[in-house]
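A short write-up of the structure that comes next.
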Amino acid sequence: MQEDFIQLLYLSNAKPELKQAELDRILEVSRKNNPSRDITGLLVFANGVFIQVLEGPSSEVTNLFETICDDTRHQEVAMLGEYVGQERIFSKWSMGFLQSTFDELTRITDSPNMIGRDDVLSLLSNDETEAVRFLKKFTKYVE
(Lines give C-alpha, C1' and ligand atoms only; values in the text may rest on other atoms or scores of the structure.)
Protein backbone atom coordinates (compact mmCIF):
# COMPACT_ATOMS: atom_id res chain seq x y z
CA MET A 1 0.00 0.00 0.00
CA GLN A 2 1.39 3.37 -1.03
CA GLU A 3 1.63 6.06 1.64
CA ASP A 4 -0.47 9.20 1.35
CA PHE A 5 1.16 12.16 -0.35
CA ILE A 6 0.62 15.44 1.49
CA GLN A 7 1.50 19.07 1.26
CA LEU A 8 2.02 20.84 4.56
CA LEU A 9 2.05 24.60 4.63
CA TYR A 10 3.21 26.68 7.58
CA LEU A 11 4.31 30.17 8.50
CA SER A 12 6.66 31.30 11.28
CA ASN A 13 8.68 34.29 12.43
CA ALA A 14 12.45 34.15 12.32
CA LYS A 15 14.18 35.02 15.56
CA PRO A 16 15.51 38.59 15.19
CA GLU A 17 19.10 37.38 15.57
CA LEU A 18 18.90 34.99 12.59
CA LYS A 19 21.89 35.60 10.34
CA GLN A 20 22.21 34.97 6.60
CA ALA A 21 24.72 32.19 7.30
CA GLU A 22 22.11 30.33 9.37
CA LEU A 23 19.54 30.72 6.60
CA ASP A 24 22.08 29.37 4.10
CA ARG A 25 22.71 26.39 6.42
CA ILE A 26 18.97 25.63 6.64
CA LEU A 27 18.85 25.44 2.85
CA GLU A 28 22.04 23.39 2.60
CA VAL A 29 20.76 20.77 5.06
CA SER A 30 17.29 20.68 3.48
CA ARG A 31 18.66 20.22 -0.01
CA LYS A 32 20.96 17.45 1.20
CA ASN A 33 18.42 15.50 3.28
CA ASN A 34 15.11 15.95 1.46
CA PRO A 35 15.75 13.78 -1.63
CA SER A 36 16.22 10.60 0.43
CA ARG A 37 12.89 11.35 2.13
CA ASP A 38 11.12 12.05 -1.20
CA ILE A 39 10.38 15.57 0.06
CA THR A 40 10.18 18.60 -2.18
CA GLY A 41 9.05 22.10 -1.37
CA LEU A 42 9.58 25.80 -1.14
CA LEU A 43 10.90 28.13 1.53
CA VAL A 44 10.07 31.82 1.22
CA PHE A 45 11.79 34.26 3.56
CA ALA A 46 10.34 37.77 3.55
CA ASN A 47 10.76 40.50 6.15
CA GLY A 48 11.67 37.98 8.85
CA VAL A 49 8.78 35.65 8.07
CA PHE A 50 9.14 32.07 6.81
CA ILE A 51 6.48 30.64 4.54
CA GLN A 52 7.18 27.01 3.73
CA VAL A 53 5.45 24.19 1.90
CA LEU A 54 6.68 20.62 2.30
CA GLU A 55 5.52 17.95 -0.16
CA GLY A 56 5.98 14.21 0.15
CA PRO A 57 4.97 11.03 1.96
CA SER A 58 2.79 11.82 4.98
CA SER A 59 5.07 10.25 7.60
CA GLU A 60 8.22 11.93 6.22
CA VAL A 61 6.61 15.36 5.99
CA THR A 62 5.08 15.04 9.46
CA ASN A 63 8.41 13.98 11.00
CA LEU A 64 10.22 16.84 9.29
CA PHE A 65 7.60 19.34 10.45
CA GLU A 66 8.01 18.14 14.05
CA THR A 67 11.76 18.75 13.72
CA ILE A 68 11.12 22.19 12.24
CA CYS A 69 8.78 23.07 15.13
CA ASP A 70 11.62 22.32 17.58
CA ASP A 71 14.07 24.57 15.70
CA THR A 72 15.01 27.56 17.87
CA ARG A 73 15.82 29.80 14.91
CA HIS A 74 12.15 30.69 14.55
CA GLN A 75 9.02 31.14 16.65
CA GLU A 76 5.25 31.43 16.39
CA VAL A 77 4.92 28.46 14.04
CA ALA A 78 1.42 28.36 12.55
CA MET A 79 0.39 25.39 10.44
CA LEU A 80 -1.80 26.80 7.69
CA GLY A 81 -2.88 23.62 5.98
CA GLU A 82 -2.26 19.98 5.31
CA TYR A 83 -3.53 18.94 1.89
CA VAL A 84 -3.98 15.40 0.58
CA GLY A 85 -4.48 14.58 -3.07
CA GLN A 86 -2.85 17.63 -4.61
CA GLU A 87 -0.09 17.34 -7.20
CA ARG A 88 3.45 18.37 -6.37
CA ILE A 89 3.97 22.03 -7.08
CA PHE A 90 7.72 22.13 -6.41
CA SER A 91 8.83 18.78 -7.83
CA LYS A 92 11.94 20.35 -9.39
CA TRP A 93 13.35 21.42 -6.03
CA SER A 94 14.44 19.44 -2.98
CA MET A 95 13.91 22.84 -1.37
CA GLY A 96 13.25 25.80 -3.58
CA PHE A 97 14.07 29.15 -2.07
CA LEU A 98 12.95 32.71 -2.51
CA GLN A 99 14.34 35.51 -0.35
CA SER A 100 12.10 38.46 -0.82
CA THR A 101 10.25 41.34 0.77
CA PHE A 102 6.54 41.75 1.32
CA ASP A 103 6.61 44.40 -1.42
CA GLU A 104 7.96 41.82 -3.88
CA LEU A 105 5.49 39.16 -2.67
CA THR A 106 2.67 41.60 -3.34
CA ARG A 107 3.93 42.00 -6.93
CA ILE A 108 4.63 38.27 -7.48
CA THR A 109 1.17 37.26 -6.30
CA ASP A 110 -0.65 40.08 -8.11
CA SER A 111 -2.25 41.08 -4.84
CA PRO A 112 -4.27 44.29 -4.93
CA ASN A 113 -3.00 45.33 -1.50
CA MET A 114 0.29 45.15 0.32
CA ILE A 115 0.85 41.67 1.75
CA GLY A 116 2.02 41.28 5.34
CA ARG A 117 2.32 38.33 7.73
CA ASP A 118 -1.33 38.48 8.80
CA ASP A 119 -2.50 38.71 5.17
CA VAL A 120 -0.52 35.62 4.24
CA LEU A 121 -1.78 33.82 7.34
CA SER A 122 -5.38 34.66 6.49
CA LEU A 123 -5.09 33.98 2.77
CA LEU A 124 -3.35 30.64 3.04
CA SER A 125 -5.27 29.20 5.95
CA ASN A 126 -8.80 29.87 4.73
CA ASP A 127 -8.98 28.31 1.29
CA GLU A 128 -6.99 25.32 0.00
CA THR A 129 -7.61 26.21 -3.66
CA GLU A 130 -6.44 29.78 -3.11
CA ALA A 131 -3.40 28.61 -1.14
CA VAL A 132 -2.34 26.31 -3.99
CA ARG A 133 -2.91 29.08 -6.56
CA PHE A 134 -0.87 31.48 -4.40
CA LEU A 135 2.01 29.02 -4.09
CA LYS A 136 2.08 28.16 -7.81
CA LYS A 137 2.85 31.81 -8.57
CA PHE A 138 6.26 31.37 -6.95
CA THR A 139 7.49 28.61 -9.28
CA LYS A 140 8.92 31.04 -11.83
CA TYR A 141 10.85 32.94 -9.14
CA VAL A 142 12.38 30.02 -7.25
CA GLU A 143 16.09 29.33 -7.28
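Scanning the stretch 78-92 for residues that are in a strand (DSSP E or B) and open to solvent by 30 Å² or more (accessible area, probe 1.4 Å) yields Met79, Glu82, Val84.
For the subset of the stretch 122-143 comprising residues that are closer than 13 Å to Ile51 by Cα and open to solvent by 50 Å² or more (accessible area, probe 1.4 Å), which member is modelled with the highest pLDDT? The qualifying residue modelled with the highest pLDDT is Ser122.
Screening the stretch 49-86 for residues that are among the polar types (S, T, N, Q) and touching a Leu at 6+ places or on another chain (Cβ under 8 Å) and picking the one that is modelled with the highest pLDDT gives Thr62. Applying the criterion of being part of a strand (DSSP E or B) and open to solvent by less than 10 Å² (accessible area, probe 1.4 Å) to the residues of the stretch 27-48, the residue that is modelled with the lowest pLDDT is Ala46. So Ser59 clears everything in (1) small (Gly, Ala, Ser); (2) outside any strand (DSSP E or B); (3) closer than 25 Å to Asp119 by Cα except one condition, right? Which one? All conditions are met except number (3). When restricted to residues that are among the aliphatic types (A, V, I, L, M) and in contact with a Phe, Trp or Tyr (Cβ under 7 Å, 6 or more places away or on another chain), the stretch 85-116 contains 4. For the stretch 1-36, name all the residues that are in contact with an Asp or Glu (Cβ under 7 Å, 6 or more places away or on another chain), polar (S, T, N, Q) and farther than 16 Å from Val49 by Cβ. Selection gives Gln7 alone.
Conditions tested, residue by residue: (1) among the aliphatic types (A, V, I, L, M); (2) in contact with a Gly (Cβ under 8 Å, 6 or more places away or on another chain).
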position: Ile6; (1), (2): yes, yes
position: Leu11; (1), (2): yes, no
position: Pro16; (1), (2): no, yes
position: Lys19; (1), (2): no, no
position: Leu23; (1), (2): yes, no
position: Val29; (1), (2): yes, no
position: Gly41; (1), (2): no, yes
position: Phe45; (1), (2): no, no
position: Gly48; (1), (2): no, no
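When restricted to residues that are in contact (Cβ under 8 Å) with a residue 40 or more places away in the chain and hydrophobic (A, V, I, L, M, F, W, C), the stretch 21-38 contains 3. For Gln75, the test of being farther than 22 Å from Lys137 by Cβ, touching a residue at least 40 places away in the same chain (Cβ under 8 Å) and exposed (fewer than 12 other Cβ atoms within 10 Å of the Cβ) is passed.
Pairs are defined by a Cβ separation below 6 Å, a sequence spacing of at least 6 or placement on different chains, a first member in the stretch 1-20 that is open to solvent by less than 90 Å² (accessible area, probe 1.4 Å), and a second member that is at pLDDT 90 or above and part of a loop (DSSP other than H, G, I, E, B); the pairs so defined are Lys15/Arg73; Leu18/Arg73.
The values are calculated or read from the model by the stated rules, or taken from the named source; none is laboratory data. Nothing here was measured: the structure is a model prediction, and the numbers come from that model. Note: ideal-geometry Cβ built from the backbone for every residue, glycine included; neighbour counts use all protein chains shown. Side chains are part of the model used for accessible areas, which takes the heavy atoms of the whole protein and leaves out ligands, DNA and RNA. Shrake-Rupley method; radii C 1.70, N 1.55, O 1.52, S 1.80 Å.
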